[in-house]
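Read the structure below first, then the notes.
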Amino acid sequence: MTEPLKTVSRNRLRQRLEGLLFYLLLVIAIGLAGWLSQRYQGVFDWSDRARNSLSSASQQLLSRLEAPLLIRSFAPDDAQLRQRIRAVIEPYQRARPDITLEFIDPSLQPELTRESGIRRSGELHISYQGRSENLSTLNEQQISNSIQRLIQQGQRWIATIEGHGERRLNGKANHDLGDFGAALRRKGYRIQPLQLTEQPVIPRNTALLVIAGPRVEYLPGELAVIHDYLDRGGNLLWLTDPGPQHALPSLFQELGLEILPGTVVDANAAGLGLDNPAIALVTRFPEHPATNQFRLVTLYPFAAALKAGTAAGWQTTPLLQTQPGSWNETGKLVGELQRDADQGEESGPLTLGYAFSRQLDGKSQRLVALGDGDFLSNSYLGNGGNLDLGLNLIRWLSGDDNLLDIPARTAPDTRLDLSRTSGAIIGLGFLFILPILLFTAGLFIWWRRRRA
């Protein structure tokens, strides 16, 4: 009997030692996990479509930073407020460790607060390579747009000619380009309307001149001012439409640019549920800096087709080409449409836009001519990739090549905008209708049990 007792005793001792070893190893593992969590951090975003992480557009933007970025938050010593600000900036710091966040109490450093132009508590002062900008709205869209403006080297002035019925970059009408102009301002561009009868010269600091569909003839003196600007190497975006061209093609005689008669119609539009045959689709883009990485479908309502020859010294690239099944309809856009070759109607693919570039006096000159201005108008800007393409063209024309593949929207829309009626219906539903339904269901269940 002695030997079995010794065996049982040894087994119990071994089990106790194994238990002690297990708890010892568990404590060591917990300690190591705590130590590692202090030295290394890992973040996993399991939210819907990774809404708590930076969008790919913002990450692409941060990859363009060539120097450290300093963000100063002028916030009082309030732990909750500073934690909310830190939570907004931390995703940027995870993507770029050289982004520094500093907190400054305005009451303790009033002089620095005044020098930085701070007007409200919690405002950010973002500095990059000697340039700075203040930001009061703290979300990814606003912060990424601010960083994008700081990346641009110097100010970008866009001059738009007005006074001839042109589409205006600050206009509110359906045919105007006001929404596009607002998007450009958010990206850091400055827009300056020009009346050539009042200011008969285009400023030399103009990065880009825009001519957007005039409806009346330009005076000879105005054409001479534009011609002088182009001779000096100025960049130009010309948006035209079917119909009279008001002598503007004379500016591009050396390019051999020609506007075909009629309006482009596209039989492929019906396949996408578009009931307007005068909306042309462009789905493929050439190997050009402005469209090299572009993969979105764009729509062009009531567009004119263009033709360009070979010009000495210029590099000519057809930017926008329609699909087969399109043609330039010269008749009325009613009834069943068919191409009539005898009327000069050419079958697609047709070119809706050209890009021209050359070296002049050691500087790059860039022109874009498009046979449609509606695709950037307030009515159609939100369709497909129209906004992104328009922004890409502006960036290429103004020399911001390093930002060409940054999408127009740098953050997903997380807002839910409801009308007053919808809000009232939802509120009444939760306050009254849902409780009444629950009470009725409970009363019905109680009644059924009483009868059982």
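The figures follow:
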| quantity | calculated |
| --- | --- |
| Dimensionless Rg/Rh of segment 143-222 - Kirkwood Rh, Rg from C-alpha atoms | 1.02 |
| Computed [θ] at 222 nm, deg cm²/dmol, the chain (DSSP H ≥ 4; -39,500 (n - 2.57); rounded to nearest 500) | -10000 deg cm²/dmol |
| Rg to Rh quotient for segment 228-365, alpha carbon positions, Kirkwood Rh | 1.00 |
| Distant-in-sequence amide H partners of I161 (H built 1.01 Å from N, under 5 Å) | L194, V210, A212 |
| Net charge of neighbours whose Cβ lies under 14 Å from the Cβ of T322, counting Lys and Arg as +1 and Asp and Glu as -1 | -2 |
| Debye-sum result for segment 60-144 in log10 I(q)/I(0), which assumes one identical scatterer on each alpha carbon, at q = 0.17, 0.22 Å⁻¹ | -0.67, -1.11 |
| Two-site label geometry, L274 and L296: point separation in nm, points 7 Å out along Cα→Cβ | 1.5 |
| Rotationally averaged projected area of segment 57-202 (alpha carbon convex hull; nm²) | 11.3 |
| The chain, accessible surface, carbon-and-sulfur percent (1.4 angstrom probe) | 54 |
| Cα-based equivalent ellipsoid, segment 234-311: semi-axes from gyration tensor eigenvalues, Å | 25, 19, 10 |
| Accessible surface, the chain, averaged per residue in Å² (probe 1.4 Å) | 57 |
| Taking only Cα atoms of segment 300-377, radius of gyration then Dmax in Å | 15.4, 54 |
| Relative counts (whole %) of C-alpha pair distances in the chain, using bins that are 20 Å wide | 19, 39, 25, 11, 4, 1, 0 |
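The values are calculated or read from the model by the stated rules, or taken from the named source; none is laboratory data. This structure is a prediction, so every number in the text was calculated from the model and none was measured. FYI the Cβ positions are ideal-geometry reconstructions off the backbone, even for glycines, and counts take in every protein chain you see. Just so you know, the surface numbers come from the protein's heavy atoms only, side chains and all, with ligands and any DNA or RNA stripped out. Shrake-Rupley method; radii C 1.70, N 1.55, O 1.52, S 1.80 Å.
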